[in-house]
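Each value in this text was obtained by applying a stated rule to the coordinates, not by laboratory testing. Predicted model only: the values in this text are computed from it and were never measured. So basically every Cβ, Gly included, is an ideal-geometry build from the backbone, and we count neighbours across all protein chains shown.
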Amino acid sequence: MSKYDGFANDAEYHSNSQYKRGCSVGRLLETLNEDDREAVREAMARVELTNAGIAVALKARGVTTVTAGTIGRHRRAACSCGG
Ligand SMILES: [Zn+2]
């Protein structure tokens, strides 16, 4: 994967003054019910699942705000969720 994948989305994400309250993954998780949130968390915890694969699976469910890059940062706890 190119490290410039989703670059515009990334820049947009960092341009959003609300981003400090959590990355788009964290904000997505907040909007899900407990079962859905657990399903996404479980998938992200499985090392054999790629960031891109998770992003596509989310997109298939109507989630277009989360990029593979953001998922990667969230999984490494390098995002703005502070986790
Ligand atoms: Zn996050």
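To the nearest µm²/s, what D does Stokes-Einstein give for the chain at 25 °C and 0.890 mPa s, using the Kirkwood radius over alpha carbon pairs as Rh? Walk me through the numbers before you get to the answer.
Details: Rh = 12.9 Å.
In µm²/s, the coefficient is 191.
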Pop out the ³J(HN,Hα) list for the stretch 64-71 in order, Karplus 6.51 cos²θ - 1.76 cosθ + 1.60 with θ = phi - 60°, rounded to Hz; leave Gly and Pro as x. 10, 8, 10, 9, 4, x, 5, 4
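Please arrange V56, V25, V63 by how many other C-beta atoms lie within 10 Å of their C-beta, fewest to most.
Details: V56 11, V25 27, V63 16.
By the 10 Å Cβ count, ascending: V56, V63, V25.
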Could you tell me which residue out of N33, G22, G53 lies farthest along the dipole of the chain toward its positive end? Charges go on the beta carbon: Lys and Arg +1, Asp and Glu -1, centred on the Cα centre. G22
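If you place +1 on the Cβ of every Lys and Arg and -1 on the Cβ of every Asp and Glu, how big does the dipole about the Cα centre of the stretch 21-75 come out, in debye to the nearest 20?
Values: 9 positive and 7 negative charges, 62 e Å.
Dipole magnitude for the stretch 21-75 comes out near 300 debye.
The stretch 1-73: which chymotrypsin sites (Phe, Trp or Tyr not before Pro) are DSSP loop and have at most 12 other beta-carbon atoms within 10 angstrom?
Details: sites: Y4, F7, Y13, Y19; in loops: Y4.
Of the chymotrypsin sites (Phe, Trp or Tyr not before Pro), the ones in loops of the stretch 1-73 whose Cβ has at most 12 other Cβ atoms within 10 Å are Y4.
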Within the stretch 1-71, which trypsin sites (Lys or Arg not before Pro) sit in a loop by DSSP and count at most 15 neighbouring Cβ atoms inside 10 Å? K3, R46, R61
Residues whose placed amide H lies under 5 Å from that of C23, excluding near-sequence neighbours: S80, C81
Cys in the chain lacking any partner Cβ under 4.7 Å -> C81
Please identify the GluC sites (Glu not before Pro) of the stretch 1-61 that satisfy two criteria: DSSP loop assignment and at most 13 other Cβ atoms within 10 Å. Which are they? E48
